[in-house]
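For reference, the structure discussed in these notes is given below.
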Amino acid sequence: MSPSRTMDQTSLQTLLLVMPLLCYSTNQARLNGSPSRSQFFKRESVSLICEEDDSSAGWTFMRNTSRETRAECGANWGKSSSSLCNMSYMDPQDSGVYWCESTEGSTSNSITITVTGGAVILQSPVLPVMEGHDVSLHCQTKRPPSKLPADFYKDGSLIRTEPTGHMTIHHVTKSDEGLYKCHISSHGESPPSWIYVTGQEVRVFRRLLSFLY
Ligand SMILES: *[C@@H]1O[C@H](CO)[C@@H](O)[C@H](O)[C@H]1NC(C)=O
Ligand SMILES: *[C@@H]1O[C@H](CO)[C@@H](O)[C@H](O)[C@H]1NC(C)=O
């Protein structure tokens, strides 16, 4: 057997070993919110939506808050149907980490939702932003019109003042990841929320996978 032949076999074997893992990771359930943002005013509503590529499995929506862990939607919070969990008239105590679990045992990404009794929220994406994409942030007061000048902070430092309260970060990179908040004078400050940035690798990975299959 020639050395190159051995090499080919080894890489093929490696690929065959790794493939089920790749498939498994792409089949992961995805949790999103509608509206898809991190912060809400008290008494607002949100629908949590759980999706998986090829599964009709039932979902359980779970959350951790400051008062409870692994609390299931429909028990003490939320209204659950097959792939949705609705929360109406949210309260600051609904702030926490949310995820879903399928009856087949797969667990989704988790999202962090913050509900404030205050007068200002930062509208920022609840899901990680893809590297290279633009991200829009909106500093919003409870009652419109809210095209007010706002200061935006990242990791505690003022990064920009925007006259209409809208800020766009163009072509995000990993260095844009951080804890963001905003402030509107005479109204107040929003809670802080993390903005996560995911690398291009995932996309390349997916493309490679779709090429292989
Ligand atoms: C929820 O809380 C449990 C118990 O503290 C912990 O093990 C788990 O990692 C938490 N889940 C998330 C998604 O934060
Ligand atoms: C959840 O909210 C959506 C959108 O408002 C609605 O269509 C759906 O019927 C609601 N489901 C439950 C279980 O309340």
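Derivation of every value follows stated rules applied to the coordinates shown; laboratory data play no part. Note that the structure is a prediction, hence the values are computed from the model and not measured. Because the Cβ atoms are built from the backbone with ideal geometry, glycine has one as well, and the counts that use them run over all protein chains shown.
Pull up the cross-link candidates among the aspartates and glutamates for Lys142, meaning alpha carbon to alpha carbon under 17 Å and not fewer than 8 places away within one chain.
Once the sequence-local aspartates and glutamates are set aside, what remains near Lys142 is Glu44, Asp91, Asp151, Glu189.
Quick one: plug the Kirkwood hydrodynamic radius of the range 28-117 (C-alpha pairs) into Stokes-Einstein at 25 °C, 0.890 mPa s, and report D in µm²/s.
Numbers: Rh = 12.9 Å.
Result for D is 191 µm²/s.
Between Met130 and Ser88, what length in nm is gained on full extension when 0.36 nm per residue of separation is reduced by their alpha carbon distance?
Result: 12.2 nm gained on full extension.
Long-range amide H contacts for Glu52: which residues qualify at under 5 Å (H placed 1.01 Å from N, peptide plane, sequence gap of 5 or more or a different chain)?
Excluding prolines and chain starts, which carry no amide H, the hits are Arg30.
What three numbers, in Å, describe the spread of the alpha carbons of the range 118-201 along their principal axes, ordered from the longest?
Rounded to whole Å, the extents work out to 43, 21, 20 Å.
For the pairs Lys79/Lys147; Lys42/Lys181; Lys42/Lys147; Lys154/Lys174, note any where the Cα-Cα span goes beyond 25 Å.
Values: Lys79/Lys147 34 Å; Lys42/Lys181 17 Å; Lys42/Lys147 21 Å; Lys154/Lys174 13 Å.
Table pairs above 25 Å Cα-Cα are Lys79/Lys147.
Can you list the trypsin sites (Lys or Arg not before Pro) in the range 37-125 that are in a DSSP coil and have 16 or fewer other beta carbons within 10 angstrom?
Lys42, Arg43, Arg67, Arg70
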